[in-house]
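Novice: Got a structure for you, written out below as structure tokens; questions coming shortly.
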Amino acid sequence: MKGELAMKVLAIETSCDETCAAITEGTNILSNVVWSQIDLHAEFGGVVPSIAKRAHEEKIDWVINRSIDNAKLTMDNVNAIAVTAGPGLAIALEVGIHKAKELAVKLNKPLIAVNHIEGHVLSSLVHQIDISFPAMALVVSGGHTELILIEAIGQYKIMARTIDDALGEALDKAARMLGLGYPGGAELEKAARMGNPQAYPLPLPMLGRENQNEFSYSGLKTAFWRLVNQFPVNQLTSQQIADLAACFQDRAFTHLTRVLKKTIYNLEPRTQNLLVGGGVAANSELRKRLSDLDKRINFPTKGLYGDNAAMVGIAAGFKADRGEFVKDINLIDRLPRWRIDQKIDW
């Protein structure tokens, strides 16, 4: 990125259940505000779209103003507005897009549409861009599990992706089966720390078929449901819960790393760097396993694993450097299934 041309970007992110705004300048974060809706969705055990939309509408102005204040700037200091246009929950995306368009028109600022997955891919580039390309990126979150070849920033090819559940979604569902709290993945990780990952038999997904470049967690989830239901209802001991959590997490992560190795090590030319992003990457056991790969691993800094606007701003900075602004503000719309390798001409 051309440092002398780096813009101050006001970035907005409302793709799911976090209302976020940030100010970035190149790969530097001047402020990053996240308002979590976890408490609102906890009683339902998952995100309720209508509740998410209403909460975004109630908090969007607050997070934007807070991000401006935290950066010690005014709106006049902002050079561009960026917003997540997809993928994500359609009615949640719509809140951020509407606000970004409103600000772009009111302030006469250029608008940048950002792919949420690209934000996760580039989230580990904070404060530095000394990464050699081509490189690989792994995005693991509640809605996405994808291995992506970065030919250059802005040029992506999906090398492997889930054919059913995302890794984060599978971890959340396993936690729910064990009666753990919300968000499930984090609670499952806590329980697994005290458990024996070999205590109970669970199948390894797609064993022997790792070269198909696909992730799959639905079969493991079904096998886990059958295992848990062998125990008397509501009579699992804390140790049994810990062992079951450890077993599920072990099989889920083993499957992930087996596919990674098959895909990455068969790739020509060989890549040196693996950029990791997404909320599941906050899991310490997963980070340990990824760190054991024969690659230079780049993890996000604390606060950038889950959904946030700073990663959107970083991606927007690179797009601004390439002159990729929205040409017609009336065309930009929510794209709930927007793939990172899909070019959109706004």
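Read-outs throughout are calculated quantities, based only on the coordinates presented, and are distinct from any laboratory measurement. Everything numeric here is computed off the predicted structure, so don't read it as measured data. All Cβ positions, even for glycine, are placed from backbone atoms using ideal geometry, and neighbour counts span all protein chains on display.
Novice: Give the distance, in whole Å, between the Cα centre of the range 39-70 and the Cα centre of the range 144-210.
Specialist: 26 Å
Novice: Same structure again: Considering only Thr14, Gly45, Leu111, whose Cα is most displaced toward the positive end of the charge dipole of the chain, charges sitting on Cβ of Lys, Arg (+1) and Asp, Glu (-1)?
Specialist: Result: Gly45.
Novice: Using DSSP, restrict attention to beta bridges with both residues in the chain and report what percent are antiparallel, rounded to the nearest 5.
Specialist: 60 percent
Novice: Taking the Cα centre as origin and putting +1 on Lys and Arg beta-carbons and -1 on Asp and Glu beta-carbons, what dipole magnitude results for the range 135-298, to the nearest 20 debye?
Specialist: Dipole magnitude for the range 135-298 comes out near 200 debye.
Novice: A follow-up question, please. Provide Rg and Dmax in Å for the chain, with only Cα atoms included in the calculation.
Specialist: 20.3, 65
Novice: Next question. What is the helix-to-structure angle for 238-265, meaning the angle in degrees between its Cα long axis and the longest Cα principal axis of the chain, kept from 0 to 90 and rounded to the nearest 10?
Specialist: The helix 238-265 is inclined about 60 degrees to the chain.
Novice: Please report the base-10 log of the normalised intensity I(q)/I(0) for the range 73-112, using a Debye sum with one equal scatterer per alpha carbon and no solvent, at each q in 0.25, 0.30 (1/Å).
Specialist: -0.79, -0.97
Novice: In sequence order, what are the phi-derived ³J(HN,Hα) couplings for the range 58-75 according to the Karplus relation 6.51 cos²θ - 1.76 cosθ + 1.60 with θ = phi - 60°, rounded to whole Hz, with x for glycine and proline?
Specialist: Ordered by residue, 3J(HN,Hα) equals 6, 10, 4, 5, 4, 5, 5, 4, 5, 5, 5, 5, 5, 7, 6, 10, 10, 4 Hz.
Novice: Run lengths n ≥ 4 of DSSP H only: what is the helix-derived mean residue ellipticity at 222 nm for the chain, with -39500 (n - 2.57) per run over all residues, to the nearest 500?
Specialist: -12000 deg cm²/dmol
Novice: Among residues other than Ala309 whose Cβ falls under 10 Å from its Cβ, what is the net charge (Lys/Arg +1, Asp/Glu -1)?
Specialist: So the environment of Ala309 carries a net charge of -3.
Novice: If you bin every alpha carbon distance in the range 75-153 into 10 Å steps from zero, what whole percent lands in each bin?
Specialist: 16, 38, 33, 14
Novice: Just the Cα atoms of the range 135-298, one point each, no solvent: what log10 I(q)/I(0) does Debye give at q = 0.17 Å⁻¹?
Specialist: -0.96
Novice: Let me spell out the model: positive unit charges on the Cβ of Lys and Arg, negative unit charges on the Cβ of Asp and Glu, origin at the Cα centre of the chain. What dipole size does that give, in debye rounded to 20?
Specialist: 480 debye
Novice: Provide the percentage of antiparallel DSSP beta bridges, counting only those with both residues in the range 135-298; round to the nearest 5.
Specialist: 55 percent
Novice: Tell me, what is the percent relative contact order of the chain, built from C-alpha pairs under 8 Å that lie six or more residues apart?
Specialist: Relative contact order for the chain comes out at 25 percent.
Novice: I've got another one for you. Sequence-distant or interchain residues sharing an amide H contact under 5 Å with Asn298, placed H: which?
Specialist: Leu274, Leu275, Val276
Novice: Can you find, among Asn308, Gly208, Ala186, the residue sitting farthest towards the positive end of the charge dipole of the chain, where Lys and Arg contribute +1 and Asp and Glu -1 at Cβ?
Specialist: Gly208
Novice: Please compute the contact order of the range 135-298 in relative form: average sequence separation of alpha-carbon pairs under 8 Å and at least six residues apart, divided by the residue count, as a percent.
Specialist: Relative contact order for the range 135-298 comes out at 29 percent.
Novice: In a shell of Cβ-Cβ distance under 12 Å around Gln212, excluding Gln212 itself, what net charge do Lys and Arg (+1) and Asp and Glu (-1) give?
Specialist: +2
Novice: With the dipole of the range 135-298 worked out from charges on the C-beta (+1 for Lys and Arg, -1 for Asp and Glu) around the Cα centre, which of Ser218, Ile148, Ile163 lies farthest toward the positive end?
Specialist: Ile148
Novice: What's the magnitude of the charge dipole for the range 8-142 around its Cα centre, counting Lys and Arg as +1 and Asp and Glu as -1 at the beta-carbon? Answer in Debye, nearest 20.
Specialist: 320 debye
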